[in-house]
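Have a look at the structure below, then the notes.
The values are calculated or read from the model by the stated rules, or taken from the named source; none is laboratory data. Everything quoted here is computed from the prediction, not taken from an experiment. Cβ placement follows ideal geometry from the backbone for every residue including glycine, while neighbour counts extend to all protein chains displayed.
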């Protein structure tokens, strides 16, 4: 597939969870119906992220290293580094210490989020500081381009409140759970104005 600039685009999705891959297929089919994606440009692989092969130009790791210790995170990041082409980039996210220190309720909820089949299943998080996040990347030979959080990434000031404070209903609708698209309760305005980011959004490059 070629994008508007004439570049070939191929997207590979890796996950060991069959349900996650199926959800991805359904999500992308909706985007393909709207002509936002071309179905031939997307491949799904039911295997570990460590099993993919490059070369690649851009790797996206969202929700991958949040719940693992630094040692395992380095294994994954080094694998990605090895497959990236020169000047290829990585976008990786991780929960940060603000969630643990400033929002105990958020921290509690996400670690006891449960699943439809097991309401007590937890998802432990590694609350990294900015310095640790940067060291994690540089220790894997990455050059850190920028580290943002939920509230200071480029373009956020241009987003409407409906997007900032709304709910993406597509995943729930695909799974058969209708949703109005509005959160039941929002924090007080003075809390929202603090714009406290609870996740790092890092961009790194292979030199």
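Structure data summary
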item	result
Given (1) surrounded by 14 or more Cβ atoms within 10 Å (Cβ to Cβ); (2) touching a helix residue (DSSP H, G or I) at 6+ places or on another chain (Cβ under 9 Å); (3) free of Cβ contacts under 8 Å to residues at least 60 places away in the same chain, index of the condition residue 16 fails	(1)
Matching residues, the stretch 72-95, being closer than 13 Å to residue 201 by Cβ and surrounded by fewer than 18 Cβ atoms within 10 Å (Cβ to Cβ)	91
Count of residues meeting criterion [outside any loop (DSSP other than H, G, I, E, B), at pLDDT 80 or above and exposed (fewer than 12 other Cβ atoms within 10 Å of the Cβ)] in the stretch 176-201	0
Selected residue [closer than 15 Å to residue 147 by Cα and in the same structural domain as residue 196 (by TED's automatic domain parsing)] from 78, 135, 87	135
Lone qualifier among 58, 76, 31 - being farther than 22 Å from residue 174 by Cβ and either at pLDDT below 85 or assigned to a strand (DSSP E or B) (or both)	58
Total residues in the stretch 87-99, condition within 19 Å of the chain's Cα centre (by Cα) and farther than 15 Å from residue 61 by Cα	4
Test: residue in the stretch 99-112 that is surrounded by fewer than 18 Cβ atoms within 10 Å (Cβ to Cβ) and in contact with a strand residue (DSSP E or B) (Cβ under 8 Å, 6 or more places away or on another chain)	no
Count - residues of the stretch 188-207 that are free of Cβ contacts under 8 Å to residues at least 12 places away in the same chain and closer than 18 Å to residue 96 by Cβ	2
Selection count where residues are more than 17 Å from residue 201 (Cβ to Cβ), part of a loop (DSSP other than H, G, I, E, B) and either free of Cβ contacts under 8 Å to residues at least 24 places away in the same chain or in the same structural domain as residue 26 (by TED's automatic domain parsing) (or both), scope the stretch 138-167	3
Residues being closer than 15 Å to residue 10 by Cα, exposed (fewer than 14 other Cβ atoms within 10 Å of the Cβ) and in contact with a helix residue (DSSP H, G or I) (Cβ under 7 Å, 6 or more places away or on another chain) - total across the stretch 22-58	3
Residue 68 vs. criteria in a loop (DSSP other than H, G, I, E, B) and in contact (Cβ under 8 Å) with a residue 12 or more places away in the chain	yes
Test set (1) loosely packed, with under 11 Cβ neighbours inside 10 Å; (2) closer than 21 Å to residue 168 by Cα; (3) assigned by TED's automatic domain parsing to the domain that holds residue 110 - residue 69 fails condition number	(2)
